[in-house]
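Report on the structure given below.
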Amino acid sequence: MGFFDKLKQGLQKTHDNIFNKVNKLVYAKSEVDDDFLEQLEEILLGSDVGVQTTEILIENLKKRVKTDKYEYSNELNTLLKDELKKVFSEGNGQKTQVFKITKKPHVVMIVGVNGVGKTTSIGKLAHNYKNEGYSVMIAAADTFRAAANEQLETWAQRSGAEIIQLQQGSDPSAVVYNAINSAVANNHDVVIIDTAGRLHTKVNLMEELKKIKRVVQKILPEAPHETLLVIDATTGQNGLNQAKEFSKYIGLTGLILTKLDGTAKGGIVFRISNELKIPVKFIGVGEQINDLQVFDKESFVKALLED
């Protein structure tokens, strides 16, 4: 199965939720009038596109209908695709850019609360980097969760990455320190750092993450080169809140959205991108090791709005 077919299959539930409803609306109405736009608004809100993003989309559609002389509802698909693509912040897509490494080792710090698919995303990301021809090391710095190291070890084996770990309860920063030094000494291309998703309090967690960043920067002042937040796409507003918190405390360069294959409300991708202005770098559309895809807005919108 090719890249686009896999993407379309992974987005099937959201596609059915948006495309089928839009299609019915198009067949039921002959012109793009206020009633048509009102019903379209309901469809977008029902797919978790969010109030703010939906309002922007509807307003832009109204302007386009007026200025570009779109009159008939069967022209809506082209119009809607154009406007949906504009929602995404800069930095979305382009595989060559996502995997471009300017300095070695290229350090990617992965953050997110427990249960969002962080460990599996790290394994799949390592697999992606290996496929691009890079040597990869994983730093198992979530030392607080008993099963974390075992899961990560399994994914490291599957992806062909090396792994640095210490016993449960060790200082996460010590793991990171060892991993970065080892990567420098052995000329590794990429280091992916796993981190804890839950500590005693939110403040403790954020302080721990900041400490890890400081340790990385003592060895490599310009690192981490990427700080990616993993969000479970099925959690809606919770995911949005998590992104705001992590962004505020440690700064984010991008997002990994997981479990898009398990929701009919994949419109959350538009909402997060529009409201947070943080680029979506990867999306998870299945359980297999090659199911973490580089996010491409053209393909994403096409998969949602084409039969």
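A few remarks follow.
- Scanning the stretch 181-196 for any residue that is part of a loop (DSSP other than H, G, I, E, B), within 20 Å of residue 114 (Cα to Cα) and more than 15 Å from the chain's Cα centre (by Cα) turns up at least one such residue.
- The residue that is surrounded by the most Cβ atoms within 10 Å (Cβ to Cβ), among those in the stretch 28-73 that are of a type in the set (Val, Ile, Thr) and closer than 17 Å to residue 85 by Cβ, is 49.
- Just one of the numbered conditions (1) surrounded by 21 or more Cβ atoms within 10 Å (Cβ to Cβ); (2) modelled with pLDDT of 95 or more; (3) not aliphatic (A, V, I, L, M) is not true of residue 239: (2).
- Spans of helices (runs of 4 or more DSSP H) in the stretch 3-67 with at least 1 residues within 21 Å of the chain's Cα centre (by Cα) and at pLDDT below 85: 3-10, 12-28
The values are calculated or read from the model by the stated rules, or taken from the named source; none is laboratory data. The model shown is predicted, which means the values in this text are computed figures rather than measured ones. Cβ sites come from the backbone with ideal geometry, for glycine too, and all protein chains shown count toward neighbours.
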